[in-house]
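Notes to accompany the following structure.
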Amino acid sequence: MSRLQKTEGLTEEQTELISLVRQFVDEQIIPVATELEHADEYPTQIVESMKEMGIFGLMIPEEYGGLGESLLTYALCVEEIARGWMSVSGIINTHFIVAYMLLQHGTEEQKQKYLPRMATGEVRGAFSMSEPGCGSDVSGIKSKAVKNGDEWTINAQKMWLTNGGSSTLVAVLVKTDTGSDSVYKNMSTFLVEKEPGFGKVGEGVTIPGKIEKMGYKGVDTTELVLEDYRTTDAELLGGEPGKGFYQMMDGVEVGRVNVAARACGVSRRAFELGISYAQQRETFGKKIADHQAIMFRLADMATKVEACHQMMVRAARLKDSGKRNDVEAGMAKYLAAEYCADVVEQSFRIHGGYGYSKEYEIERLYREAPMLLIGEGTAEIQKMIIGRALLKDYKIRS
């Protein structure tokens, strides 16, 4: 094991689980990741293996068929999976957010209906806030649900669904007129069931083809179109309209810990590749690791890998304690994503011209890292969250 990213205070069970996931990553993900990524091929066999391991139910309580693990345990497992291939961790992330939202905000009927099947991976989740014209401005969504008697009719065009094609359950944020003066209290989350695949995947539900991306391949990223989609209060998360924005933000808060964990995993892999290559490549009669410039670069990379890991762990533990962690999760996500981009670039530079070749794994990481800068909120969004909280905490009292 690396001396980096050690986590103090883990139980024996946590340590064994994380070691099992690390072994799975080394044996079944890393050897095939680059080939699958270049082909933009969905990792079907890897996903099936994760189902058998119970990874889809890591944080789902035992009463609903899951393993009942903490957010910290989950994040540490995600860190290991992202170290192997970030796209695989993305498949789990959106599923996990929907399961978390159901657990925290769903009715008991909704929990009984979905969580046991989500724990086995039979039902796979995706969630949808963004739209083509709103980006980070969630208040600007135009998708709308209108109630007619006992039914709701939804018309929506949503964007950037990870797992859009492979999922069978999507949590969708739409506007609902509750009569409130606050735009945020006029939003609701609906649970939309669909078939996996593309095209028409349900009555009134369409998933257009995959969005072509620079990196983060293998996992499907799509749009979602709902046309006169009919549903009932039974599929309204929590059974009460007007709470969707707050439900989504709760899910995104833990999602930011997840993104931080993914950035930690990618940056550690970039460091591993860089320090390994530096001890093999020779220039001017010696290994490049013996050149002071490269040694300093490795030291900088390792320090950043360690720092973002510790911030991620703190944010996860705070949430596990039952306290709000919006600032800590924002800090962890912001720092980890920025450091990840930097560490990957430094490893890329260590590789020199070979880093530009698709033959070397660092080329894939170089294309994947930028997604973490924008996923679950850009750096600017994180800074707004952090800054507002700091001004509140440090407000000058007159």
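Figures for the structure shown
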| quantity | calculated |
| --- | --- |
| Unique match (being under 19 Å from the mean Cα position of the chain (by Cα), more than 22 Å from residue 102 (Cα to Cα), acidic (Asp, Glu) and part of a helix (DSSP H, G or I)) among 37, 13 | 37 |
| Any chance residue 315 is closer than 22 Å to residue 81 by Cα, open to solvent by 10 Å² or more (accessible area, probe 1.4 Å) and small (Gly, Ala, Ser) | no |
| Yes/no for residue 358 being over 20 Å from residue 85 (Cα atoms) and in contact (Cβ under 8 Å) with a residue 12 or more places away in the chain | no |
| Filtered residue count, the stretch 229-274, keeping only those that are crowded, with 21+ Cβ neighbours inside 10 Å and closer than 30 Å to residue 3 by Cβ | 19 |
| Pair list, Cβ under 7 Å, 6 or more apart: the stretch 130-142 residue under 12 Å from residue 245 (Cβ atoms), other residue assigned to a helix (DSSP H, G or I) | 138/245; 139/183; 139/184 |
| Enumeration of residues in the stretch 31-47 that are within 12 Å of residue 220 (Cα to Cα) and crowded, with 17+ Cβ neighbours inside 10 Å | 37, 42, 43 |
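Yes or no, residue by residue, for (1) touching a residue at least 60 places away in the same chain (Cβ under 8 Å); (2) crowded, with 19+ Cβ neighbours inside 10 Å:
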| position | (1), (2) |
| --- | --- |
| 295 | no, no |
| 302 | yes, yes |
| 310 | no, no |
| 320 | yes, no |
| 337 | yes, yes |
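Here's the yes/no breakdown for (1) surrounded by fewer than 22 Cβ atoms within 10 Å (Cβ to Cβ); (2) assigned to a loop (DSSP other than H, G, I, E, B); (3) acidic (Asp, Glu):
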residue: 122; (1), (2), (3): yes, yes, yes
residue: 127; (1), (2), (3): no, no, no
residue: 132; (1), (2), (3): yes, yes, no
residue: 136; (1), (2), (3): yes, yes, no
residue: 139; (1), (2), (3): yes, no, no
residue: 142; (1), (2), (3): yes, yes, no
residue: 154; (1), (2), (3): no, no, no
residue: 166; (1), (2), (3): yes, yes, no
residue: 173; (1), (2), (3): no, no, no
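The values are calculated or read from the model by the stated rules, or taken from the named source; none is laboratory data. From a predicted model like this one, the values you see are computed outputs, not experimental measurements. FYI the Cβ positions are ideal-geometry reconstructions off the backbone, even for glycines, and counts take in every protein chain you see. To get the accessible areas, we keep the full protein, side chains included, count just its heavy atoms, and leave off ligands, DNA and RNA. Shrake-Rupley method; radii C 1.70, N 1.55, O 1.52, S 1.80 Å.
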